[in-house]
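Below is one structure, written out as structure tokens; the observations come after it.
The values are calculated or read from the model by the stated rules, or taken from the named source; none is laboratory data. Computed from a predicted model, the values in this text were never measured in an experiment. Virtual Cβ from ideal backbone geometry, glycine too; neighbours counted across all protein chains shown. Please note that ligands, DNA and RNA were not included when accessible areas were found on the heavy atoms of the full protein model with its side chains. Shrake-Rupley method; radii C 1.70, N 1.55, O 1.52, S 1.80 Å.
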Amino acid sequence: MKLFAVLIGINAYELSPLQQCVNDVTKFESYLLSLSNHFDEIKLTKRIDENATKENIVTTIQNTFQQATNNDVALLYYSGHGALEHAKNRFSDAHSNTIECMVCYDKKSSDFLLADKELRYIFSKLKHDPHLITVFDCCHSGDIV
């Protein structure tokens, strides 16, 4: 069994910077590497600060998790800002009429929210069905994925 992990940490938000998210990723990475005797292989990919744009995150998740087979583990770890977006009655399972989102790094684009619905869609398109683990250290993360 292999572990495929995508670790995302963003401190460098322009309007409301954070202090510990990148450090959280470093510590989580160390923890995962300490599990090497439980996995045949551990493949970690990190997206930190300016490398954690929405486009980079989506591409990284797709490319990394497509390698995972049914017997492998695919882990997504995110530490950064979270946000709510109004669902406008678009989704029947959005009981609060909101969509939970990761706030990606992007100074040049207005498309910087990665919604839980988008993540579910990405996961649904994987070739295989790995054991999926998600960890979100952000506000409004209660219903993400």
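For this structure, a couple of remarks:
- Computed from the C-alpha gyration tensor, the three semi-axes of the ellipsoid equivalent to segment 1-131 are 26, 20, 12 Å, from longest to shortest.
- The residues packed around residue 71, meaning those with a beta-carbon under 13 Å from its beta-carbon, carry a net charge of -3 if Lys and Arg are +1 and Asp and Glu are -1.
- Most mobile listed residue (114, 15, 76) in the chain, GNM with C-alpha springs under 10 Å: 15
- Considering only the chain, percent of DSSP beta bridges that pair antiparallel, nearest 5: 25 percent
- Coupling constants for segment 101-113 follow from the phi torsions by the Karplus curve (6.51 cos²θ - 1.76 cosθ + 1.60, θ = phi - 60°), and in residue order they are 9, 8, 9, 7, 7, 5, 7, 9, 10, 8, 9, 10, 9 Hz; glycine and proline get x.
- Counting only aspartates and glutamates at least 8 places from residue 127 when in the same chain, those with an alpha carbon closer than 15 Å to its own are 72.
- Amide N of segment 1-16 lying under 12 Å from the label point, which is placed 7 angstrom from the Cα of residue 40 along Cα→Cβ: 1-3
- Rounded accessible area per residue of the chain, 1.4 Å, Å²: 56 Å²
- Heavy atoms of residue 123: accessible area, 1.4 Å probe, square angstrom to 10: 30 Å²
- Heavy-atom accessible area, probed at 1.4 angstrom with all protein chains present, ranks 135, 6 as 135, 6, highest first.
- Farthest toward positive dipole pole in the chain [+1 Lys/Arg, -1 Asp/Glu at C-beta], among 113, 13, 23: 113
- Accessible surface ranking that places the most exposed of 1, 102 first, with a 1.4 angstrom probe: 1, 102
- The mean sequence separation of alpha-carbon pairs under 8 Å and at least six residues apart, normalised by the residue count of the chain, gives a relative contact order of 29 percent.
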